[in-house]
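Asker: For reference, the structure I am asking about is given below.
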Amino acid sequence: MENWAAEPEVLKMFAKHYKTGEVIPDALIEKMTNAGTFDQGFATTEYLAASLLDLQYHTIEKPITTDLNTFELSGMKNIGLTDAIIPRYRSTYFSHIFSGGYSAGYYSYIWSEVLDSDAFDAFKSTTLFNPEKAKSFRVNILEKGGTEDPAELYRKFRGADPKIEPLLKKRGLN
């Protein structure tokens, strides 16, 4: 729900100068928007590299016969990662992927952002305060919880599978 807070329409409802009461100026909103997408290409690539390293560990079929640094470097070379970017988590301190329920699931963070951005786009494509969309979100997502296949619940709400384009736009990568 934090998507709404940074929308100009919503900011103008509450972001006011503490002394004068003047509503936040459009120029400042634009600066905030631009700052929010700074360095997102690097951050996204770094994050995806860590996700792919996680998947690499959980899809190997034979024991690792090299040291971890060689294993990592080989995996990152195979995905075409430049030497200027390393995975956010190196193998030696990425231990949570092996216990605690993260196993081969680190990518789920970025998948959650895809869902979040696409769901918010459903509102932005009509109006931020669309009562029909809000009801559909409540009925098809919030009220159902884990009672049905999550992908089917999402399709009931959105009318389609999630798309990556809203996330790319949110990060300034479109």
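Asker: Sort out which residues of segment 47-87 are part of a loop (DSSP other than H, G, I, E, B) and either hydrophobic (A, V, I, L, M, F, W, C) or at positive phi (or both), and write them in order of number.
Answerer: Ile60, Ile64, Ile79, Gly80, Leu81, Ala84, Ile85, Ile86
Asker: Same structure again: Just to be sure before I move on: is Lys156 touching a Lys or Arg at 6+ places or on another chain (Cβ under 9 Å), modelled with pLDDT of 95 or more, open to solvent by 70 Å² or more (accessible area, probe 1.4 Å) and assigned to a helix (DSSP H, G or I) in the structure I sent?
Answerer: Here the answer is yes, as Lys156 does meet what is asked.
Asker: Can you pull out the residues in segment 33-71 that are among the acidic types (Asp, Glu) and farther than 16 Å from Tyr106 by Cα?
Answerer: Hits for segment 33-71 are Asp39, Glu61, Asp67.
Asker: Something else: I'd like to check something: does segment 14-25 contain any residue that is assigned to a helix (DSSP H, G or I), of a type outside the set (D, E, K, R), on the phi < 0 side of the Ramachandran plot and in contact (Cβ under 8 Å) with a residue 12 or more places away in the chain?
Answerer: Checked against the condition, which is being assigned to a helix (DSSP H, G or I), of a type outside the set (D, E, K, R), on the phi < 0 side of the Ramachandran plot and in contact (Cβ under 8 Å) with a residue 12 or more places away in the chain, segment 14-25 yields no hits at all.
Asker: Go through segment 120-149 and count every residue that is in contact (Cβ under 8 Å) with a residue 12 or more places away in the chain and not in a helix (DSSP H, G or I).
Answerer: 1
Asker: Something else about it: hydroxyl-bearing (Ser, Thr, Tyr), over 30 Å from Pro150 (Cα atoms) and open to solvent by less than 80 Å² (accessible area, probe 1.4 Å) - does that describe any residue in segment 74-85?
Answerer: Yes, because at least one residue in segment 74-85 is hydroxyl-bearing (Ser, Thr, Tyr), over 30 Å from Pro150 (Cα atoms) and open to solvent by less than 80 Å² (accessible area, probe 1.4 Å).
Asker: Exactly one of these conditions fails for Glu30: (1) closer than 18 Å to Arg171 by Cβ; (2) without any contact (Cβ under 8 Å) to a residue 40 or more places away in the chain; (3) open to solvent by less than 80 Å² (accessible area, probe 1.4 Å). Give me its number.
Answerer: Exception for Glu30: condition (3).
Asker: Can you tell me how many residues in segment 7-25 are out of contact with any helix residue (DSSP H, G or I) (no Cβ under 7 Å at 6 or more places or on another chain) and either farther than 22 Å from Asn174 by Cα or open to solvent by 60 Å² or more (accessible area, probe 1.4 Å) (or both)?
Answerer: Residues flagged as out of contact with any helix residue (DSSP H, G or I) (no Cβ under 7 Å at 6 or more places or on another chain) and either farther than 22 Å from Asn174 by Cα or open to solvent by 60 Å² or more (accessible area, probe 1.4 Å) (or both) within segment 7-25 amount to 13.
Asker: Let me ask another. If we scan segment 104-119, do we find a residue that is in contact with a Ser or Thr (Cβ under 9 Å, 6 or more places away or on another chain), of a type in the set (Ser, Thr, Tyr) and surrounded by 15 or more Cβ atoms within 10 Å (Cβ to Cβ)?
Answerer: yes
Asker: Could you tell me whether any residue of segment 96-110 is aromatic (Phe, Trp, Tyr), modelled with pLDDT under 90 and assigned to a helix (DSSP H, G or I)?
Answerer: yes
The values are calculated or read from the model by the stated rules, or taken from the named source; none is laboratory data. Computed from a prediction, not measured in an experiment: that's the story for all the values here. Note that each Cβ is placed from the backbone with ideal geometry, even for glycine, and that neighbours are counted across all protein chains shown. Heavy atoms of the whole protein, side chains included, go into the accessibility calculation; ligands, DNA and RNA do not. Shrake-Rupley method; radii C 1.70, N 1.55, O 1.52, S 1.80 Å.
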